[in-house]
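Report on the structure given below.
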Amino acid sequence: MTTIDPAARLTSTFSTDDLREFVDGDGPFATVLLPAPSGQFGSDHRFEVMWKHARRQLDADWPSDRLDSFESAVADLHHSDAPAFVVAQRADGTVFVEPLSGELKADNAVVEIADHPRLLEVIDDRQRTLPHIIVDTDRAGATVSGFDAGEPTGTEDVEGDTEHINRVRGGGWSHRRYQQRAENTWERNAGDVADVVTRMARDLDPVLIAVTGEVRAKQFLHEALDNEFGDRLVDIEAGDVDGISSEVVDVLADRRARFQVAILERFRDEGGITDPGEVEAALREGRVETLLVSGPTSSMDDDARRSRLDAIGAAITAALTTSATVVVVPQTPEMTGGLAALARW
């Protein structure tokens, strides 16, 4: 049974090319973290009010010509499109917009103007939306759907043989033959489904292949796929769409947590850099292979929180410009300053 290297896998689940391109320009940068209340009475009005509040904060320190293009980008957003957005602009007017798949830990818009954009939430969100495949299978075939960066990448319906697909009631020699024919048909259909899953996985490289549907069909699919995909193949027990979605999210969150633990174990085994000043020096020298960041904790006061975010923002920008990998991890005793690093040398 094959497995994947969790530490390496998490750091390769998303691209940062667009982030690197955005930070490769002169500051300062203005960033707005914009919650998107939806499904509530007056959601349109609340979303508009949040942006107006953010704009008032920007008015004092951000040039009006840039602010107009900033507002134009926000005008294209709708609160139902995502739970939240990160909108940033650099000094030359270039705007970056990222819809987030999860909600922000804030009831109102958060506004920052700094020498670097605030990308912590963007990277954290991309790290959550891991590539995966969902297979809804039965005796006649399956629907195979791929997802990456929180978006569907494609769906393929597999229609197998339906002749002799049902078992028969009764007894005797003919009964046994019919039963075996049905089993053989299910197995052939599972093989067709497995071919589609394998082809889709080759393109997507998923961390999870979630299988739902009829019990016997799932068993045949496991027999066809276990050797190649190992513990990436997981049965989902929920029966309806909402239940399947919720269970898949839970499994992906568990996978992410395992990856984070593996990265922290490697960090400890290799004696990574923990002093924030030494991390910053290693970033300046281009020696960082993987930057580990941990956001502010709920116990921090405003000044400590602001200091932590400033240090993280500067470190992420430096990591992107030196092609280092950035990984968000939970707070650990070693990371008292919210920063740590695995060095290239």
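The values are calculated or read from the model by the stated rules, or taken from the named source; none is laboratory data. This is a predicted model, so every value here is computed, not measured. Methodologically, a virtual Cβ is constructed for each residue, glycine included, from the backbone with ideal geometry; neighbour enumeration extends over all protein chains shown. When the accessible area is computed, the model is the full protein with side chains, heavy atoms only, and any ligands, DNA or RNA have been set aside. Shrake-Rupley method; radii C 1.70, N 1.55, O 1.52, S 1.80 Å.
Brief remarks on what is shown
- Some residue of the stretch 108-117 being under 22 Å from the mean Cα position of the chain (by Cα) and either closer than 17 Å to A201 by Cβ or among the basic types (K, R) (or both): no
- Test for T143: is it part of a strand (DSSP E or B), touching a Phe, Trp or Tyr at 6+ places or on another chain (Cβ under 7 Å) and at pLDDT 55 or above: no
- Single match in T321, T332, T290 (criterion: within 24 Å of E112 (Cα to Cα), of a type outside the set (K, R) and either in contact (Cβ under 8 Å) with a residue 60 or more places away in the chain or surrounded by 16 or more Cβ atoms within 10 Å (Cβ to Cβ) (or both)): T321
- Of the residues making up the stretch 237-245, not a single one is in contact (Cβ under 8 Å) with a residue 40 or more places away in the chain, farther than 26 Å from G338 by Cβ, open to solvent by 30 Å² or more (accessible area, probe 1.4 Å) and not in a helix (DSSP H, G or I).
- Subset of the stretch 99-130 (residues that are in a loop (DSSP other than H, G, I, E, B) and crowded, with 21+ Cβ neighbours inside 10 Å): A109, H116, P117, R118, L119, L130
- In the stretch 11-24, the residues that are without any contact (Cβ under 8 Å) to a residue 24 or more places away in the chain and under 17 Å from L130 (Cα atoms) form Cβ pairs under 9 Å with partners that are among the hydrophobic types (A, V, I, L, M, F, W, C) and open to solvent by 40 Å² or more (accessible area, probe 1.4 Å), at six or more places apart or across chains, as follows: S15/A149.
- Among residues of the stretch 73-98, those that are outside any loop (DSSP other than H, G, I, E, B), open to solvent by 30 Å² or more (accessible area, probe 1.4 Å) and modelled with pLDDT of 95 or more, counted: 3
- Residue match in the stretch 14-24 (condition: open to solvent by 20 Å² or more (accessible area, probe 1.4 Å), assigned to a helix (DSSP H, G or I), under 24 Å from D115 (Cβ atoms) and of a type in the set (S, T, Y)): no
- Exclusive hit being under 27 Å from the mean Cα position of the chain (by Cα), open to solvent by less than 60 Å² (accessible area, probe 1.4 Å) and among the small types (G, A, S), set A304, A281, A257: A257
- Pairs, first within 17 Å of L104 (Cβ to Cβ) and outside any helix (DSSP H, G or I) in the stretch 293-313, second of a type outside the set (S, T, N, Q) and open to solvent by 30 Å² or more (accessible area, probe 1.4 Å), C-beta under 7 Å, six or more apart: P296/R305
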